[in-house]
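Inspection log for the structure reproduced underneath, given as C-alpha coordinates.
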(Lines give C-alpha, C1' and ligand atoms only; values in the text may rest on other atoms or scores of the structure.)
Protein backbone atom coordinates (compact mmCIF):
# COMPACT_ATOMS: atom_id res chain seq x y z
CA UNK A 1 0.00 0.00 0.00
CA UNK A 2 1.26 3.47 -0.86
CA UNK A 3 0.47 6.51 1.27
CA UNK A 4 0.97 10.17 0.43
CA UNK A 5 3.28 12.22 2.62
CA UNK A 6 2.20 15.79 3.36
CA UNK A 7 3.66 18.78 5.16
CA UNK A 8 2.04 21.37 7.40
CA UNK A 9 0.98 23.37 4.33
CA UNK A 10 -1.09 20.36 3.17
CA UNK A 11 1.15 19.92 0.15
CA UNK A 12 2.21 16.48 -1.04
CA UNK A 13 5.98 16.01 -0.63
CA UNK A 14 6.35 12.32 -1.44
CA UNK A 15 4.97 8.84 -0.98
CA UNK A 16 5.61 6.04 1.49
CA UNK A 17 5.23 2.32 0.89
CA UNK A 18 3.67 0.61 3.91
CA UNK A 19 3.03 -3.01 4.75
CA UNK A 20 -0.34 -4.46 3.75
CA UNK A 21 -0.06 -6.73 6.77
CA UNK A 22 -0.23 -3.71 9.11
CA UNK A 23 -2.23 -1.12 7.15
CA UNK A 24 -4.23 -3.36 4.81
CA UNK A 25 -5.47 -6.06 7.16
CA UNK A 26 -9.08 -7.18 7.51
CA UNK A 27 -10.94 -4.93 9.93
CA UNK A 28 -12.59 -7.13 12.53
CA UNK A 29 -15.00 -5.35 14.83
CA UNK A 30 -14.97 -8.21 17.33
CA UNK A 31 -11.22 -7.87 17.85
CA UNK A 32 -11.49 -4.09 18.19
CA UNK A 33 -14.25 -4.52 20.76
CA UNK A 34 -12.16 -6.96 22.79
CA UNK A 35 -9.13 -4.69 22.85
CA UNK A 36 -11.08 -1.51 23.68
CA UNK A 37 -12.96 -3.28 26.48
CA UNK A 38 -9.66 -4.57 27.86
CA UNK A 39 -8.12 -1.08 27.78
CA UNK A 40 -11.08 0.56 29.50
CA UNK A 41 -11.15 -2.15 32.16
CA UNK A 42 -7.48 -1.50 32.94
CA UNK A 43 -8.18 2.23 33.29
CA UNK A 44 -10.86 1.77 35.95
CA UNK A 45 -9.71 2.88 39.39
CA UNK A 46 -11.69 0.22 41.25
CA UNK A 47 -11.83 2.36 44.41
CA UNK A 48 -15.61 2.06 44.91
CA UNK A 49 -16.48 0.79 48.38
CA UNK A 50 -19.46 0.51 50.72
CA UNK A 51 -19.62 -0.32 54.39
CA UNK A 52 -20.45 -3.89 55.14
CA UNK A 53 -22.07 -5.24 58.27
CA UNK A 54 -18.81 -5.55 60.22
CA UNK A 55 -17.82 -1.94 59.37
CA UNK A 56 -20.99 -0.08 60.34
CA UNK A 57 -20.64 2.01 63.51
CA UNK A 58 -23.83 1.06 65.37
CA UNK A 59 -24.54 -0.66 68.64
CA UNK A 60 -23.86 -4.38 68.62
CA UNK A 61 -26.03 -5.03 71.64
CA UNK A 62 -29.60 -6.23 71.56
CA UNK A 63 -31.89 -3.23 71.08
CA UNK A 64 -35.13 -4.88 72.12
CA UNK A 65 -36.30 -7.64 74.37
CA UNK A 66 -36.53 -11.19 73.13
CA UNK A 67 -40.27 -11.62 73.58
CA UNK A 68 -43.32 -9.41 73.88
CA UNK A 69 -42.09 -6.57 71.71
CA UNK A 70 -44.17 -7.46 68.69
CA UNK A 71 -41.09 -7.48 66.43
CA UNK A 72 -38.64 -10.06 65.16
CA UNK A 73 -35.85 -11.23 67.43
CA UNK A 74 -32.93 -9.12 66.14
CA UNK A 75 -29.63 -8.96 67.96
CA UNK A 76 -28.15 -5.71 66.54
CA UNK A 77 -28.90 -2.89 64.14
CA UNK A 78 -25.97 -3.45 61.79
CA UNK A 79 -28.01 -5.90 59.69
CA UNK A 80 -28.63 -4.85 56.12
CA UNK A 81 -32.41 -4.62 56.52
CA UNK A 82 -32.14 -1.72 58.98
CA UNK A 83 -31.63 1.91 58.00
CA UNK A 84 -27.97 2.72 58.59
CA UNK A 85 -26.99 -0.92 58.54
CA UNK A 86 -24.39 -2.60 56.38
CA UNK A 87 -24.82 -3.21 52.65
CA UNK A 88 -25.11 -6.75 51.36
CA UNK A 89 -22.86 -7.78 48.47
CA UNK A 90 -21.82 -4.19 47.75
CA UNK A 91 -18.79 -3.13 45.67
CA UNK A 92 -15.33 -3.65 47.10
CA UNK A 93 -11.94 -2.19 46.23
CA UNK A 94 -10.52 -4.36 43.45
CA UNK A 95 -8.64 -4.36 40.18
CA UNK A 96 -10.89 -4.56 37.12
CA UNK A 97 -8.04 -5.40 34.75
CA UNK A 98 -7.58 -8.78 33.15
CA UNK A 99 -5.11 -10.35 30.78
CA UNK A 100 -5.45 -10.34 27.01
CA UNK A 101 -3.15 -12.36 24.71
CA UNK A 102 -0.43 -10.36 22.97
CA UNK A 103 -1.53 -11.71 19.59
CA UNK A 104 -5.03 -10.29 20.11
CA UNK A 105 -3.59 -6.91 21.15
CA UNK A 106 -1.35 -6.78 18.09
CA UNK A 107 -4.25 -7.83 15.87
CA UNK A 108 -6.35 -5.04 17.36
CA UNK A 109 -3.68 -2.45 16.50
CA UNK A 110 -3.46 -3.74 12.93
CA UNK A 111 -7.27 -3.60 12.62
CA UNK A 112 -7.38 -0.03 13.97
CA UNK A 113 -4.61 1.20 11.64
CA UNK A 114 -6.17 -0.58 8.68
CA UNK A 115 -9.60 0.91 9.45
CA UNK A 116 -8.17 4.44 9.33
CA UNK A 117 -6.16 3.73 6.18
CA UNK A 118 -9.08 2.15 4.33
CA UNK A 119 -11.43 4.99 5.34
CA UNK A 120 -8.99 7.62 4.06
CA UNK A 121 -8.56 9.03 7.56
CA UNK A 122 -4.82 8.33 7.85
CA UNK A 123 -2.57 11.34 7.23
CA UNK A 124 1.21 11.00 7.01
CA UNK A 125 3.31 14.05 7.90
CA UNK A 126 6.92 14.34 6.93
CA UNK A 127 7.65 15.90 10.33
CA UNK A 128 5.84 17.64 13.16
CA UNK A 129 8.74 20.06 13.72
CA UNK A 130 7.33 22.54 11.24
CA UNK A 131 4.34 23.27 13.44
CA UNK A 132 3.91 26.11 15.90
CA UNK A 133 3.62 26.56 19.64
CA UNK A 134 0.63 28.89 19.26
CA UNK A 135 -2.83 27.34 19.44
CA UNK A 136 -4.28 29.90 17.03
CA UNK A 137 -1.72 29.09 14.31
CA UNK A 138 -2.08 25.33 14.78
CA UNK A 139 -5.88 25.58 14.51
CA UNK A 140 -5.55 27.51 11.27
CA UNK A 141 -3.30 24.82 9.81
CA UNK A 142 -5.63 22.04 10.93
CA UNK A 143 -8.63 23.83 9.43
CA UNK A 144 -6.76 24.15 6.13
CA UNK A 145 -6.10 20.39 6.23
CA UNK A 146 -9.73 19.65 7.10
CA UNK A 147 -8.88 18.20 10.51
CA UNK A 148 -11.29 18.72 13.40
CA UNK A 149 -10.73 15.62 15.50
CA UNK A 150 -7.39 13.83 15.32
CA UNK A 151 -4.76 11.84 17.15
CA UNK A 152 -1.17 12.88 16.43
CA UNK A 153 1.43 10.13 16.79
CA UNK A 154 4.93 11.58 16.61
CA UNK A 155 8.39 10.16 17.29
CA UNK A 156 10.03 8.74 20.39
CA UNK A 157 9.24 11.95 22.26
CA UNK A 158 6.31 14.27 21.69
CA UNK A 159 7.22 17.57 20.08
CA UNK A 160 7.04 20.21 22.83
CA UNK A 161 5.59 22.92 20.55
CA UNK A 162 2.91 20.59 19.20
CA UNK A 163 1.91 19.45 22.68
CA UNK A 164 1.71 23.03 23.91
CA UNK A 165 -0.33 24.24 20.93
CA UNK A 166 -2.71 21.25 20.97
CA UNK A 167 -3.32 21.33 24.73
CA UNK A 168 -6.10 23.93 24.33
CA UNK A 169 -7.77 22.34 21.31
CA UNK A 170 -10.78 20.09 21.91
CA UNK A 171 -10.60 16.81 20.01
CA UNK A 172 -6.83 16.92 19.37
CA UNK A 173 -4.60 14.41 21.16
CA UNK A 174 -0.83 13.98 20.94
CA UNK A 175 1.02 10.76 21.79
CA UNK A 176 4.54 9.39 21.30
CA UNK A 177 4.96 6.44 18.96
CA UNK A 178 5.21 3.90 21.80
CA UNK A 179 1.96 5.22 23.29
CA UNK A 180 -0.21 4.54 20.24
CA UNK A 181 -3.18 2.38 21.22
CA UNK A 182 -6.46 1.14 19.79
CA UNK A 183 -8.79 3.18 22.00
CA UNK A 184 -7.19 6.56 21.28
CA UNK A 185 -6.96 5.78 17.56
CA UNK A 186 -10.65 4.93 17.28
CA UNK A 187 -11.98 7.75 19.45
CA UNK A 188 -10.70 10.42 17.04
CA UNK A 189 -11.83 10.90 13.46
CA UNK A 190 -8.38 11.25 11.86
CA UNK A 191 -5.03 9.64 12.58
CA UNK A 192 -1.98 11.81 11.84
CA UNK A 193 1.37 10.01 11.96
CA UNK A 194 4.94 10.86 11.11
CA UNK A 195 7.10 8.69 8.87
CA UNK A 196 9.13 7.72 11.94
CA UNK A 197 6.02 6.58 13.82
CA UNK A 198 4.83 4.47 10.88
CA UNK A 199 8.21 2.74 10.57
CA UNK A 200 8.20 2.05 14.31
CA UNK A 201 4.70 0.54 14.22
CA UNK A 202 5.52 -1.59 11.18
CA UNK A 203 8.56 -2.99 12.97
CA UNK A 204 6.51 -3.54 16.12
CA UNK A 205 3.53 -5.20 14.43
CA UNK A 206 5.08 -6.75 11.35
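The values are calculated or read from the model by the stated rules, or taken from the named source; none is laboratory data. Only a predicted model underlies this, so the values are computations on that prediction, with no experimental measurement involved. Cβ: placed from backbone, ideal geometry, glycine included. Neighbour counts: every protein chain shown.
Looking only at residues in segment 22-37 that are touching a helix residue (DSSP H, G or I) at 6+ places or on another chain (Cβ under 7 Å) and part of a helix (DSSP H, G or I), which one is surrounded by the most Cβ atoms within 10 Å (Cβ to Cβ)?
Going residue by residue through segment 22-37, those that are touching a helix residue (DSSP H, G or I) at 6+ places or on another chain (Cβ under 7 Å) are 22-25, 27-28, 31-32, 34-36.
Applying the additional criterion that residues be part of a helix (DSSP H, G or I) yields 22-23, 31-32, 34-36.
Numbers: 22: 21, 23: 21, 31: 21, 32: 20, 34: 18, 35: 23, 36: 18.
If we take residues in segment 22-37 being touching a helix residue (DSSP H, G or I) at 6+ places or on another chain (Cβ under 7 Å) and part of a helix (DSSP H, G or I), then 35 is surrounded by the most Cβ atoms within 10 Å (Cβ to Cβ).
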**Report entry** Number of positions in segment 161-175 that are buried (at least 16 other Cβ atoms within 10 Å of the Cβ) and in a loop (DSSP other than H, G, I, E, B)
**Finding:** 1
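Let's see how each residue does on (1) surrounded by 13 or more Cβ atoms within 10 Å (Cβ to Cβ); (2) in contact with a strand residue (DSSP E or B) (Cβ under 7 Å, 6 or more places away or on another chain); (3) assigned to a loop (DSSP other than H, G, I, E, B); (4) not assigned by TED's automatic domain parsing to the domain that holds residue 117:
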site: 9; (1), (2), (3), (4): no, no, yes, no
site: 16; (1), (2), (3), (4): yes, yes, no, no
site: 39; (1), (2), (3), (4): yes, no, no, no
site: 61; (1), (2), (3), (4): no, no, yes, yes
site: 79; (1), (2), (3), (4): yes, no, yes, yes
site: 82; (1), (2), (3), (4): yes, no, yes, yes
site: 103; (1), (2), (3), (4): no, no, no, no
Report summary line: The condition of being in contact with a strand residue (DSSP E or B) (Cβ under 8 Å, 6 or more places away or on another chain), modelled with pLDDT of 90 or more and either under 18 Å from residue 8 (Cα atoms) or surrounded by 16 or more Cβ atoms within 10 Å (Cβ to Cβ) (or both) holds, among 153, 158, 128, only for 153
Requested in this report: Kindly indicate whether any position in segment 192-205 is on the phi > 0 side of the Ramachandran plot, surrounded by fewer than 16 Cβ atoms within 10 Å (Cβ to Cβ) and at pLDDT 90 or above.
Outcome: no
